[in-house]
1. If a/c stays under 1.5 just call it rounded; otherwise compare a/b with b/c (prolate if a/b is bigger, oblate if not). Do that for the range 514-572, with a ≥ b ≥ c from the square roots of the Cα gyration tensor eigenvalues.
2. Lys375 to Asp513: extension gain in nm, 0.36 nm per residue of separation minus the Cα-Cα distance?
3. Could you check the spin-label model distance between Asp558 and Ala506? Points 7 Å from the Cα along Cα→Cβ, value in nm.
4. Please say if the range 603-670 is rounded, prolate or oblate, where rounded means a/c under 1.5 for a ≥ b ≥ c the square roots of the C-alpha gyration tensor eigenvalues, and otherwise the choice is prolate for a/b larger than b/c and oblate otherwise?
5. Heads up, I need the accessible area for Tyr531: 1.4 angstrom probe, whole protein in place, Å², nearest 10.
6. Of (1) 18, 48, 29, 5, 0; (2) 19, 52, 26, 3, 0; (3) 17, 45, 29, 8, 1, 0, 0, which one was derived for P(r) over Cα pairs in 20 Å bins from 0, in percent from the structure shown?
7. Which of the aspartates and glutamates could a cross-linker span from Lys150 if the Cα-Cα distance has to be under 12 Å and same-chain partners fewer than 8 positions apart are dropped?
8. Pairing the Cα long axis of helix 130-146 with the longest principal axis of the chain, what angle in degrees results, from 0 to 90 and rounded to the nearest 10?
Amino acid sequence: MKKTNIGRKVTSVVLVGTMAATALAGCGSTNTAPATTAAATEAAAPETTPAAEQPAEGGVSGTFSGEAVGQGGASKPVKVEITLDAGKITDVKIEGEGETPGIGSKAIEEFPAKMIAGNTIQVDAISGATITSKAIVEAATAALAEAGLKPEDLESVEVEAAAAQAEDMSIDTDIVVVGMGGAGMTAAITAADAGKSVVILESQPMGGGNTVRSTGGLNAAGTEEQKSNEFTEADGVEKTLATAKEKWADNETITKLAATVQQQWDAYKASPEGYFDTPELMALDTMIGGHGINDPELVSTLTNGSAGAVTWLKDHGADLPSVGAAGGASVKRIHRPVDDKGKTKAVGAYIVPVLTKNVEDRDGIEVYYNTTANKILMEDGKAVGVVAEGETGNTVTVNAKAVILATGGFGGNQEMVEQYRPDLKGFVSTNADGAKGQGITMATADDVKADVVDLDQIQIHPTVHTDPDGNAHLITEGVRGDGAILVNKEGKRFYDEVSTRDKVSAAEIEQTDGVAYLILDQTMIDGSAVYQGYLDAGYGAKGETYEELAKAIGIPEDAFKETMEGWAKIWADKKDEEFGRTSFSNENSLDKAPYYAILVSPGIHHTMGGLKIDTATEVINTDGNVIPGLFAAGEVTGGVHGGNRLGGTAVTDIIVFGQIAGDSAVKYIG
């Protein structure tokens, strides 16, 4: 695979010391963990010295270190070691064990060379990795402080080191994929394996999109992995069938699905072997969760391909062996990765590096980062390529036989969100920087005329933690599926925690200040590296007793204790008379101290609407006809999720329809 940053502009900054040097104790890094390092080509890095040295000509020399809190929290800080020679940066090493692979790791990889080339620690944040970028700069600032220096004490002089703008360029390929998230990479891998040449255009400096931010898992029905679970979800199945009968009798698709599931359920009860789940039950959950406005054919394609998505990922190096519960699902079907200790971990940060490696290992795929597509090329009514803008403003034209749009949704575009949902003005967003709706904008241009569906269906997720800097952090639905409960500022539960996201969010908004606390115990923390990561990042409060935790978060101690003791009985009886929860973790009753609370509120998470497609991922125009040569997969499309997406189904969506898009483009080309 060829990786290209088109037209990157390099600016060198020379720093001149303006303050008298003060001899301070130098402290070189002694960690043995792998680190990113870059050395200046002009001079070899000096050996670490025990104290800052002041050469006669001025400027500090020595090796100095600092650390700061990033995504890994205080227990896994970002560490930076800087070597100076007469005030000039000659070497930088960065360690970030707790930073997110594919996001924070990108900043760790790129910052050393930038700091050395510019002789400055004041490097612009990597888009999408702002928290890690900030931590690196803070740690580097601490390292300079150890040398008796501050960034503002150094006079900078800018020197142009390269041509300002790359030349316009034209590329020929079989298939161009716009977007390097999960759907785009899956499509590219599938097409390349069929012998086609593929070009991927990615607007950001790294791939991953929203996929890398996914922390839950992948919903799939009828898998081998499900069979390792004891089936204890009969109440969940019965509740779904009752809901279909009582609330959706006028919806033909839901009624037919319910009849099929009823037959399957009756057969299972007559001979209860294995774990009960079917593509039809998953489709029923998806349709009910989507308010019945989903495209039934797309839902059927999704659920019937779900088990195959798990297999496809495993065949490509990403195993998802753990199966748990998620909101809106009748049974346990969210498939998750585990670490070497058997703890569940974030699915996105796990599969994106695996998919990226698959892309990189294929000679038939070229990737162009920092390259934003802005126009679909049309010829005789067919899509024949795209026009994009490189990082420096140069024009990149890709001539292709087929175009696959995998640009994601528009949850990161506040203006576009407000256009369709004015009531969501001011809500935080969990979306990646690249989720701006570019694919929808390109495809609905006058010369393409793609149709759209459900653009006003925008999901808010009920468990988003906002840090003091205003950064939004998604707390996975798996927390509630694994046994956590939600309490309000009065210390009381207020809704079924594993209901659909829209309903839980609506209930949460009605609480005092529109917020709630997720309550976990030590059993949950011990079982998940993801949950431990939330604590490491400083998201949670801790208490050895219910009263101590209540005091720590400022809610009534007596009321909270009563809630927790009441929950213990609900869990033991597996009956929630007040709110109707039917999903209970087999292992966790929230009774193992210490206890933890994470403050959460709703945030913009997913845009269900998008381009109208058929089951072959062909984009449909406003006249109801297929646009030849144009395909789309992932969050850029609409119709799959209807009015609300179930947790864990987005990853299913990108893998199932990503494969279909790759296959369909290959068949179209012939």
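1. oblate
2. 45.3 nm
3. In this crude spin-label approximation the distance works out to 3.4 nm.
4. It is oblate, given that a/c is not under 1.5 and a/b is not larger than b/c.
5. Taking all protein chains as shown, Tyr531 has close to 10 Å².
6. (1)
7. Leaving aside aspartates and glutamates fewer than 8 places away in the same chain, those within reach of Lys150 are Glu138.
8. Around 30 degrees separate the two axes.
The values are calculated or read from the model by the stated rules, or taken from the named source; none is laboratory data. Just so we're clear, the structure is a prediction, and the values are computed from it rather than from any experiment. In this analysis, Cβ positions are derived from the backbone assuming ideal geometry, glycine residues included, and neighbour counts consider all displayed protein chains. Please note that ligands, DNA and RNA were not included when accessible areas were found on the heavy atoms of the full protein model with its side chains. Shrake-Rupley method; radii C 1.70, N 1.55, O 1.52, S 1.80 Å.
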